[in-house]
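Contents: one structure, followed by commentary.
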Amino acid sequence: MKYATPYDIGIGDRVEYKGNTYDVLINYVKGETDSKGYTPNINRTILIDSTDTRTTCLDYRQLEVTEQITDHGVLV
């Protein structure tokens, strides 16, 4: 499953990106100010793998959702 918008990306979602599996660590949406006052000028998703290596994805349409976290638990 692919994300329809960058707003659908949740922290903790498990995704595949360029053949590797990652968890979503941070999702920045263009023009949305975060709690620390940062407003990004592009969409950007920070991913982390099982070895704590961070990777940045600039196009959310390249992410393939394998597990999506909801308010009620895991949605597969």
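Observations on the model:
- In the range 25-64, the residues that are closer than 14 Å to Asp13 by Cβ and hydrophobic (A, V, I, L, M, F, W, C): Leu25, Ile26, Ile46, Leu47, Ile48, Cys57, Leu63
- Total residues in the range 7-47, condition touching a residue at least 40 places away in the same chain (Cβ under 8 Å), assigned to a strand (DSSP E or B) and over 12 Å from Tyr60 (Cα atoms): 2
- Residues in the range 51-68 that are in contact with a strand residue (DSSP E or B) (Cβ under 8 Å, 6 or more places away or on another chain) and without any contact (Cβ under 8 Å) to a residue 24 or more places away in the chain: 2 in all.
For (1) of a type outside the set (Lys, Arg); (2) under 21 Å from Glu64 (Cβ atoms); (3) surrounded by 11 or more Cβ atoms within 10 Å (Cβ to Cβ); (4) modelled with pLDDT of 95 or more, each residue gets a yes or a no:
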residue: Val15; (1), (2), (3), (4): yes, yes, yes, yes
residue: Gly19; (1), (2), (3), (4): yes, yes, no, yes
residue: Tyr22; (1), (2), (3), (4): yes, yes, yes, yes
residue: Leu25; (1), (2), (3), (4): yes, yes, yes, yes
residue: Lys30; (1), (2), (3), (4): no, no, yes, yes
residue: Pro40; (1), (2), (3), (4): yes, no, yes, yes
residue: Asn43; (1), (2), (3), (4): yes, yes, yes, yes
residue: Ile46; (1), (2), (3), (4): yes, yes, yes, yes
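The values are calculated or read from the model by the stated rules, or taken from the named source; none is laboratory data. Everything numeric in this text was worked out from a predicted model, so none of it was measured. With ideal geometry, Cβ positions are generated from the backbone for all residues, glycine too; neighbour counts draw on all protein chains shown.
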